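Read-outs throughout are calculated quantities, based only on the coordinates presented, and are distinct from any laboratory measurement. Remember, predicted model here, so these are calculated numbers, not experimental data. Here Cβ is always computed from backbone atoms with ideal geometry, including for glycine, and neighbour counts include all displayed protein chains.
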Amino acid sequence: MATLALSHTDTTSRPALDSDVALAAAGDRDAFERLYRANSGRVFALCIRMAGDRSTAEELTQDVFVRAWGKLTQFRGDSSFSTWLHRLAVNVVLNARKQQGRMNARHEEIDDGNESLSQTGLPVPGMRLDLEAAIAMLPAGARRVFVLHDVEGFTHEEIAEQTGVTTGATKSQLHRARMLLREALNR
């Protein structure tokens, strides 16, 4: 199975970044824009992997930075700014999924979907996929755990705490995700 490698090249020096964080927390929009430019790619990559949809990921990325602007005064510097922002992004995506789940439960819309997809959401035999597309087609719970564990490196305990489920459930979802990915990529 192919592995994902996330690379983040931070061209901003640590003192300049710390200075921008302090300035942005004091209301400096230019400093916040520099923080946005330095971190938006990484936040978007996380959002697209967790959400599985480019349009949703773009919206979530914007939500992350809107929330970051509002909560920047709460950043204490106990961790790096990028770690704090990453955690904020995970929370924004998870909260959006919870809200979407509640809306879906209320509306119970039936989506006949794309005829080329199986009931699991994975393509029928004959379709070629790359890993990113296969991840995007995983069921939401399996995709979320796969991204948090195998891509972002969180432990099962951390994922369970973030998502409000048991560690057994995260292990089960991870196993399911890996099996579905293996199946999709071996076609």
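Estimated at 0.36 nm per residue, the fully extended path between Leu185 and Ala169 surpasses their Cα-Cα distance by 3.4 nm. Taking only the C-alpha atoms of region 122-187, Rg followed by Dmax gives 12.2, 39 Å.
Placing unit charges on the Cβ atoms of the charged side chains and taking the dipole of region 13-109 about its Cα centre, the candidate lying farthest along the positive direction among Gly70, Val93, Tyr36 is Val93. Each Cα pair under 8 Å and six or more residues apart adds its sequence gap; the mean of these over the residue count of region 122-187 is a relative contact order of 46 percent.
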